[in-house]
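Working notes for the structure below.
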Amino acid sequence: MAEHDIDRTLRKEEKELTKDKEIKRIIRCFRLDYYTVLGIQPGITKEDIAKIYKKKSLLIHPDKTRNPRAVDAFDLLRKAATALADDKKRAELDNTWADARSELIQEKGWTVNDDRLVGSEFLSEWRAKVKEILIDSEFVKRLALKREQAKQARERREEDELKEEKKRAKKQEASWESHRDDRVQNWRKFSKKLKHKKQKESRAKVLI
């Protein structure tokens, strides 16, 4: 094998390793922390986010790598970029990052000007705290959703029961009305019979 062929093969393998490394990194990220999925931090412009997404998406594109997890990583990357393009979702995540930073500073007893805030160690802790807050927030959201769904189900059940009750009442009323003539006839027969009986009793008393 010629030297240039060896170099080309090595470069290709090196690029494949870079792809595998990036795919592995993305898969390991907490999917709701869109900044970390893209390997960035808050404060970056939309234009830069778009550029980074394009570069990374081309790197790990499923059609350009043999890695079986490329499809999953590519999907996570796309969702992260889409979420950060949404001003509302981005603002919510920015607030989460800000809250996480404030909590860590308070826990450590540091000031906002502490030099350690720009270190890689703090960044790792910061991202971990962001994940913790996001998980708690997601749990609260799901719990609220579950309660709301249960409430709606209960209201639908009560509404159905009320409809059935009204239907039964209407049916009973219709049945009562449909037998009205029968009741009138029966009452007349009973009254006539009662009157006839009284007349017989009166005649019997006269004979005595």
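The values are calculated or read from the model by the stated rules, or taken from the named source; none is laboratory data. Fair warning: this is a prediction, and the values are worked out from it, not measured in the lab. No Cβ is skipped: glycine too gets one built from the backbone with ideal geometry, and neighbour counts run over all protein chains shown.
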Report task. Just one of (1) at pLDDT below 90; (2) under 30 Å from Val37 (Cβ atoms) trips up Ala204, so point out which. Result -> (2)
**Report entry** Count of residues meeting criterion [closer than 21 Å to Leu123 by Cβ, outside any loop (DSSP other than H, G, I, E, B) and touching a residue at least 40 places away in the same chain (Cβ under 8 Å)] in region 9-35
**Finding:** 6
Report summary line: Scanning region 81-107 residue by residue, those hydrophobic (A, V, I, L, M, F, W, C) and in a helix (DSSP H, G or I) turn out to be Ala81, Ala83, Leu84, Ala91, Leu93, Trp97, Ala98, Ala100, Leu104, Ile105
Query raised in the report: Within region 79-99, can one find any residue that is of a type in the set (D, E, K, R), more than 26 Å from the chain's Cα centre (by Cα), closer than 12 Å to Val37 by Cβ and at pLDDT 95 or above?
Result: no
Query raised in the report: How many residues are of a type in the set (Ser, Thr, Tyr) and either under 12 Å from Ile49 (Cβ atoms) or surrounded by fewer than 14 Cβ atoms within 10 Å (Cβ to Cβ) (or both) when one looks only at region 67-98?
Result: 1
Query raised in the report: Taking Trp110 and the conditions (1) surrounded by 11 or more Cβ atoms within 10 Å (Cβ to Cβ); (2) in a helix (DSSP H, G or I), which numbered condition does it fall short on, given that it satisfies the others?
Result: (2)
Query raised in the report: Would it be correct to say that Lys55 is surrounded by fewer than 13 Cβ atoms within 10 Å (Cβ to Cβ) and either under 25 Å from the mean Cα position of the chain (by Cα) or of a type in the set (Lys, Arg) (or both)?
Result: yes
**Report entry** Subset tally (residues that are under 24 Å from Ser120 (Cβ atoms) and either touching a Leu at 6+ places or on another chain (Cβ under 8 Å) or not in a helix (DSSP H, G or I) (or both)) for region 36-80
**Finding:** 16
